[in-house]
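To start, the structure under review is shown below, and the notes come after it.
The values are calculated or read from the model by the stated rules, or taken from the named source; none is laboratory data. Being a predicted model, the structure only gives us computed values, none of them experimental. A quick note on method: Cβ atoms are made from the backbone with ideal geometry, for glycine too, and the neighbour counts reach across all protein chains shown. Quick note on the areas: whole protein, heavy atoms, side chains included, nothing else; ligands and nucleic acids left out. Shrake-Rupley method; radii C 1.70, N 1.55, O 1.52, S 1.80 Å.
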Amino acid sequence: MASKQKTTWQDTVSDWLVSIIVAVALAFCIRTFIVEPYMVEGSSMYPTLVNHERLLVNKFTYFVNDPQKGEIIVFRYPKDESRDFIKRVIATAGDTVEMRNGKVLVNGTEIEENYVWKEDPKGPNMSDYRKSVVPDGHIFVLGDNRNNSEDSRFADVGFVPLDLVKGKASMAFWPVDRWRMLP
């Protein structure tokens, strides 16, 4: 007959510590390499995303692929990398991009943008952007609310280096009534 071993309080504390350390390490790895929660601040992506909406950002996908046109991404602001921005990818390396009277042309063809806010009280966005080629290792991004977006049209952001891209906004999860997968 096997004898029953008595568990000491030190064994219990040790088991709890190991469990906590493993949980923290696992959470750190998931947040660093796989997925990270993100809160939208501001209205630059309205109506697609609203202020204080919470998202899950897929960080793993860009270890394998580069951002694609139409994807919504989170990246570190080039002038202050402690700040994150969220915008839509409009053009990728090698593409020619320009804007005339608010219309966006990529490689000479106007792109369809059914996600852009067209009912802005300030009126339609009529901005121009000179014809430029997106350099290797960079992307061109715009906010969906063009009258209220600091994006690649402006020198402070410009073409975004791929090494500043944190991940792809994949899912909106809060508030619950706006839960959805993002394009």
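Can you tally the net charge around G94? Count Lys and Arg as +1, Asp and Glu as -1, for every other residue whose Cβ sits under 13 Å from the Cβ of G94.
Local charge sum for G94: -2.
Might you tell me the accessible area per residue for the range 77-132, computed with a 1.4 Å probe and given in Å²?
60 Å²
Heavy atoms of the protein only, probe of 1.4 Å, neighbouring chains included. What is the accessible area of E112 in Å², nearest 10?
150 Å²
Within 10 Å, count the other beta carbons around each residue, average over each peptide in 48-55, 123-130, and list them highest first.
The densest-packed peptide leads the list: 48-55, 123-130.
What net charge do the residues around R153 carry, taking every other residue with its C-beta under 12 Å from that of R153, with Lys and Arg at +1 and Asp and Glu at -1? Don't skip to the answer; put the middle values down first.
Values: positive: K87, R130, R146; negative: E98, D128, E150, D151, D156.
Value of the local net charge: -2.
Once you keep just the Cα pairs under 8 angstrom separated by 6 or more residues, what percentage relative contact order results for the range 51-183? Kindly include the intermediate steps, with their values, before the conclusion.
Numbers: 272 pairs, mean separation 44.8, N = 133.
Reported as a whole number, the value is 34 percent.
Using only Cα atoms, tell me the angle between helix 9-33 and the longest principal axis of the chain; keep it within 0 to 90° and round to the nearest 10.
Result, in degrees: 10.
Apply the Karplus curve 6.51 cos²θ - 1.76 cosθ + 1.60, θ = phi - 60°, to the phi angles in the range 48-55 and return the couplings in whole Hz, x for Gly and Pro.
4, 10, 10, 3, 6, 5, 10, 10
Give me the percent of accessible area attributable to carbon and sulfur for the chain, probe 1.4 angstrom.
Carbon-and-sulfur percentage of accessible area, whole number: 57.
Report the normalised scattering of the range 113-160 as log10 I(q)/I(0) at q = 0.28, 0.33 Å⁻¹, calculated by the Debye formula with identical scatterers on the alpha carbons.
These q points yield log10 I(q)/I(0) values of -1.14, -1.31.
In nm, to one decimal, how far is the K79 label point from the R130 one, both placed 7 Å along Cα→Cβ?
If labels sit at K79 and R130, their model points lie 1.9 nm apart.
With θ taken as phi - 60° and the coefficients 6.51, -1.76 and 1.60, list the Karplus ³J(HN,Hα) couplings across the range 73-87 in order, rounded to whole Hz; mark glycine and proline as x.
Those phi angles translate into 10, 10, 9, 7, 4, x, 7, 8, 5, 7, 9, 9, 10, 10, 8 Hz.
Taking the Cβ-Cβ separation of E98 and D156 as r and a Förster radius of 25 Å, what is the calculated FRET efficiency to the nearest 0.05?
My answer for the efficiency is 0.80.
In nm, to one decimal, how far is the V13 label point from the Y115 one, both placed 7 Å along Cα→Cβ?
5.3 nm
Would you please give the residues with an amide H less than 5 Å from that of W174, counting only those at least 5 places away or on a separate chain, with H modeled from the backbone geometry?
R54
Given 0.36 nm per residue, what is the gain on full extension from M39 to H52 after removing their alpha carbon distance, in nm?
Between M39 and H52, full extension yields an extra 4.1 nm.
Using a ≥ b ≥ c from the Cα gyration tensor of the range 77-183 (square roots of the eigenvalues), is it rounded, prolate or oblate, where a/c under 1.5 gives rounded and otherwise the larger of a/b and b/c decides, a/b for prolate?
oblate
Return the ratio Rg/(2.2 N^0.38 Å) for the range 27-109, where Rg is computed over Cα atoms only.
Expressed relative to 2.2 N^0.38 Å, the Cα Rg reads 1.25.
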